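**Student:** Provided herewith is a single structure, encoded as structure tokens, for subsequent inquiry.
Just so it is clear, none of the values below were taken in a lab; they were calculated from the coordinates. Bear in mind the structure is a predicted one, so any value in this text is a computation, not a measurement. Please note: Cβ atoms are built from the backbone with ideal geometry, for glycine as well, and neighbour counts cover all protein chains shown.
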Amino acid sequence: MRRLKNFSSPKSSASGVPNDIMKKYGGMGEDQLVDELMKKVREQKENGSYDEAQMQNFVKLISPHLSDAQRKKLMSLISAMNKE
């Protein structure tokens, strides 16, 4: 039987968001985050790796940390991205 003695899981912040993501994006303002998201989506669509289901999982992960206005804006952006 295997032991979990040396098992380590990815480190996450108290919010459940992985620490590396928090370090990379935590200090960005809303406009910077939107620009980064749009850039990443464009890159993924160009190289064929964009996954709408993965984007929905991302939305589920961050939605609890957003205000209602931010959540609506994000959903509007996602809708626009999925139509492109």
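**Student:** Given points 7 Å out from each Cα along the Cα-Cβ axis, report the K73 to M28 separation in nanometres with one decimal.
**Tutor:** 1.3
**Student:** Put a dot 7 Å past each Cα toward the Cβ at I21 and N47; how far apart are the dots in nm?
**Tutor:** 1.9
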